[in-house]
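Read through the structure below, which is laid out as structure tokens, and then see the notes.
The values are calculated or read from the model by the stated rules, or taken from the named source; none is laboratory data. These numbers come from a predicted model, not from an experiment. All Cβ positions, even for glycine, are placed from backbone atoms using ideal geometry, and neighbour counts span all protein chains on display. Side chains are part of the model used for accessible areas, which takes the heavy atoms of the whole protein and leaves out ligands, DNA and RNA. Shrake-Rupley method; radii C 1.70, N 1.55, O 1.52, S 1.80 Å.
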Amino acid sequence: MTERRSSHFQRVQRKRYAQRSFRNPYFQPKRRPRWIVPVAALVAAGGVGAGAWALFASPALAIKTVRVEGNETIAAEDVTSAVWADLDEPAFWLFRRSNRLLFDAKRLTQELQGRFSFADVEVGRHGSALDVRVRERQSQLLWRSGDAVALVDDSGTVIRLLSPDEVAGLSRPDPAPGPGQTLAPIARLKRLRLFTDADKAPVSPGTRVLSGKEAAGCLAFEQHLLDQGIAFTQIQVDRSSGAWMAVKTLSGYDILFDPLNDVDGQATRLAALFRDTVKSQTGLTYVDLRFGDHVYYK
């Protein structure tokens, strides 16, 4: 009986040992306070945040200068302002894209192409300096519709709208460039042919105001006028009454022509009219070349 109790006691002790259900009161492990883990996590997060702030908000890593090259009719100041506006945009809510580590050249390229409709934009960063090289789409003419004036390419599509300052500058005289100076962008704009929309239809970048053939015909006819010594100011387009086009001459009369039909032949008939029939352009109201070999004038 005694052996059986002893055996039972030993089994119970072995079971308790296996389950670790007893502790030595003199060797109790120290319990870690519950607040240590969250505090350590907060300290670590604070360290990471402080490091990120020092890295992404450091003035030493900021882009400080912007250089623009390749512009012709668009002022470099306008492009520079657009670049800085993009660089000042927030990144990750707290920082700015002017930080070199957060700068996105692809984003800036897309922004400039969308705003100015450049044919090409190259963006390069050299230390704290940003170099922006642009290539403008070839503008062939100016299109005035109401108060808006737009640059139009050789396909008759609006490239961009001129700013109010540019529109005002078209009517102001420009000083001649000094030695070593290039022609100002506004002076280049003034050299473009001016078209006026009599219908004053709204325009925006991408709007087709002329077909490519119309644009080419108009420019070719204007070149004939220059070759004949006929000075003019603009072409007026009126689509509400038969889509006619009229060149406004400095002598005060209009020349109506069709840019889609034999522009060379119309110019030849105009030259013959002034050579053989109308000896003086004074008092003329209009000359109409749109009806084949028949030339009408008043």
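Quick notes
- Charge context of Gly265, other residues only, Cβ under 13 angstrom, K/R +1, D/E -1: -2
- Basic side chains Lys and Arg get +1 at the Cβ, acidic Asp and Glu get -1 at the Cβ, and with that the dipole of the stretch 216-298 about its Cα centre reaches some 240 debye.
- Net charge in the neighbourhood of Val152 (other residues with Cβ under 12 Å of its Cβ; Lys, Arg +1, Asp, Glu -1) is +1.
- Portion, in percent, of the accessible area of the stretch 193-273 that falls on carbon or sulfur, probe 1.4 Å: 52 percent
- Here the label points at Asn261 and Leu101, each 7 Å from Cα along the C-beta direction, are separated by 7.0 nm in the simple model.
- Estimated inter-spin distance, Ser155 and Ala198, nm [label 7 Å along Cα→Cβ]: 2.9 nm
- The order of the peptides 215-223, 112-120 by mean Cβ neighbours within 10 Å, most packed first, is 215-223, 112-120.
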